[in-house]
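Everything on this sheet refers to the single structure shown next.
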Amino acid sequence: MSAPPRVLTVAGSDSGGGAGIQADLKTMLALGVHGMSVLTAVTAQNSLGVQGAWELPVEAVRAQFRSVVDDIGVQAVKTGMLSSAELVETVADLLAGTDAPTVVDPVGVSKHGDPLLAASALDSVRTKLLPVATVVTPNLDEVAQLTGVRVTAERDMRRAAAAVLEFGPRWVVIKGGHLTATGSEEAVDLLTDGTEEHWLRAPRHDNRHTHGTGCTLASAIASHLALGRTVPEAMTAAKTYVTGALASGFALGTGIGPVNHAWALRRGEA
C-alpha cells in the first residue's frame, strides 16, 4: 500500500486535546492524509482556558522540521501557535525553503482570550511569515491585530482581505464566524487572492462548543491541498468539514468544549 499524502503541522500542544497539534492531527486523520508535527510550545490548557505556556527552543523546532522534511517529505504545511518573533522568523525561513503549499493560521489569542503571540512578534508575522503563505486564515480579531482594520459587518471583509494581502500571501480567508452582532443565520467567510472572490456560507449553529475551529479549518485546507485540490476547492471542502464538526461539538469539562473531528468518519463523508 502506498503512503497517503503527508501534511506537517507546526504548532503548539493543547493538553485538553481540543485545539493545536491535537486538533490538527485529528483533522488530518479524518481527511485521509498522514499528519506529522513540529511542536513549538507546550500549554497547560483545558475547557476553561490556558493556565500556562512554555515555548520550545528554536533549535528544537528547527531540528523537528528538518528531521521530517528531509526524510519523509511533505505535500502541505500548516502553521499555528508561534509565540515569539524569533520562532516566527525561524519557521518562516524553513518554509521559504520548502516547495509545499503553506497554510498560516496567525494565532493571536486562544478561544478563551488568552494571549498566544507576543506583541513584539506581530511585525515578524507581517514581514516574514505572511509573505511565504499560500493561504492565511485570520479571524476578525487577528485581522484587527495585524492590519488595524475592524470588521463589524460583511461589507468590511473585502477591505480587510485587501489589507492582509498587502503583506504578500497568495490567498487570504477572512473568517466571519465572529460576526454574530448582525443577527445573520449564516457564517460567512471570504476567500480571495485579490482578483478572484469566493464567498462561502454555511448555517450558523447554536453551539458553544467551538474550541479548535481555527486550527481545524487551517488543517483541513492544508489536507485538501495535499490531496491535490486547488485553493478554492480546498477551502470549500474545509468549510464543509468544519461546519459538520461544529454542528456536532460536544461538552467536555465545565467550559467550552471541542468541535467533533470524527463526525465525517462516522457518517462516511470524510
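Summary of values
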read-out: Calculated [θ] (222 nm, deg cm²/dmol) that DSSP helices of n ≥ 4 give over the chain, each run adding -39,500 (n - 2.57); value: -10000 deg cm²/dmol
read-out: Surrounding net charge for GLU89, when Lys and Arg each add one and Asp and Glu each subtract one, Cβ distance under 15 Å; value: -2
read-out: Counting all C-alpha pairs of the chain, share separated by more than 27 Å (%); value: 31
read-out: Largest-first principal axis extents, alpha carbons of the stretch 215-270, Å; value: 39, 22, 14
read-out: Computed FRET value (nearest 0.05) for LEU265 with HIS178, which takes r as the C-beta separation and R₀ as 41 Å; value: 0.90
read-out: Ranked order, TRP171, TRP54 - accessible area, probe 1.4 Å, largest first; value: TRP54, TRP171
read-out: Equivalent ellipsoid dimensions for the stretch 79-222 as semi-axes, Å, which come from the Cα gyration tensor, largest first; value: 24, 17, 14
read-out: Sum of side-chain charges, GLY35 neighbourhood, beta-carbon under 10 Å (Lys, Arg +1; Asp, Glu -1); value: +2
read-out: Counted charge near VAL69, where neighbours are those whose Cβ lies closer than 14 Å (Asp, Glu -1; Lys, Arg +1); value: 0
read-out: Where the chain is the region considered: accessible area per residue in Å², 1.4 Å probe; value: 42
read-out: Accessible area, probe 1.4 Å, largest first, for residues ARG155, ARG204; value: ARG155, ARG204
read-out: Dipole magnitude (debye, nearest 20) for the chain, charges at Cβ of Lys, Arg, Asp, Glu; value: 520
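The values are calculated or read from the model by the stated rules, or taken from the named source; none is laboratory data. In this text, all values refer to a predicted model and were calculated from it rather than measured experimentally. Neighbour counts run over all protein chains shown; Cβ positions are idealised from the backbone, glycine included. Only protein heavy atoms, including side chains, enter the accessible area calculation; ligands, DNA and RNA are left aside. Shrake-Rupley method; radii C 1.70, N 1.55, O 1.52, S 1.80 Å.
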